[in-house]
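Any read-out appearing in this document is the output of simple, stated calculations on the displayed coordinates, not a laboratory observation. Quick caveat, the model's predicted, so the values are computed rather than measured. A quick note on method: Cβ atoms are made from the backbone with ideal geometry, for glycine too, and the neighbour counts reach across all protein chains shown.
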Amino acid sequence: MAKIEKTGRPAIYPAPAALISAYDENNKPNAMTAAWASNICYQPPTVVVGIHSKRYTFELIEKTQCFVVNLPAVDKVLETDYCGVVSGRDHDKFEETGFTAIKGSKVNAPLVKECPVNIECKLLKQVNIGSHDAFFGEVVAVHYDEEMINEKGVPDTLRGNLLAYGTGSYYSLKEEVGRHSFSKKKMK
């Protein structure tokens, strides 16, 4: 099969459709949708989120030095999309979507109760890359809906029915197709 080259565009998809939340100066919660969120370091546990400087959440994180990465389920695709197309400067996204803000246990940023996974982050570093800044957050707490925890006490991604994003569309993750290191047995 022939390869077709496309340049000048992000290409790592699918990615989580994350809601990045922070408080404003009056402790009003805000959330924005971001597909550019990823684990980046194991020790210290760190995530990175790419945010454009024109986004309201950009300002909030700079002021508060913390944020929460919330991973929504497929049933919240409408609300998740909405948080990415209106600004918190002009809209109370929590009120308009019906999302519930829960105060973080470790940082002064809101968790979105309706999301199966909430990752509290303390801002470690902010780096301008170009159109976006990379916000590096040290993971100081992770919260899971209890339904996501399997019989072994381990979080199970499929149980969360988490939402993914890629090239302009939202997706669900349907099935596990392998486990880390399974190839060592299969490739012998």
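What whole-number distance in Å separates the alpha-carbon centres of region 45-104 and region 113-183?
Value for the Cα centre distance between the two parts: 15 Å.
How about region 1-81: which GluC sites (Glu not before Pro) there lie in a loop by DSSP and see at most 12 other Cβ atoms within 10 Å?
Answer in residue order: 5, 25.
Report, in deg cm²/dmol and to the nearest 500, the calculated mean residue ellipticity at 222 nm for the chain, where each DSSP H run with n ≥ 4 adds -39500 (n - 2.57) and the sum is divided by the residue count.
-4000 deg cm²/dmol
Grab the other residues whose beta carbon is less than 13 angstrom from that of residue 44, score K and R as +1, D and E as -1, and report the net.
Overall, the nearby charge balance is +1.
Beyond a 30 Å Cα-Cα separation, which of these cross-linked pairs lie in this structure: 63/93; 28/122; 28/152; 76/122; 76/106?
28/152
Among (i) 15; (ii) 11; (iii) 18, only one was calculated for this model; which label is it, if the read-out is percent of Cα pairs over 31 Å apart?
Checked against the structure: label (iii).
Which order do peptides 116-122, 86-92, 11-17, 131-137 fall in by mean Cβ count within 10 Å, highest first?
116-122, 131-137, 11-17, 86-92
Note the full-extension length gain between residue 43 and residue 106 as 0.36 nm times their separation in residues minus their Cα-Cα distance, in nm to one decimal.
Computed gain between residue 43 and residue 106 is 20.9 nm.
Given a cut-off of under 8 Å on Cα pairs at least six residues apart, what relative contact order in percent is computed for region 41-144?
Relative contact order for region 41-144 comes out at 37 percent.
Relative contact order of the chain: what whole-number percent is it, with Cα pairs under 8 angstrom and at least 6 residues apart?
23
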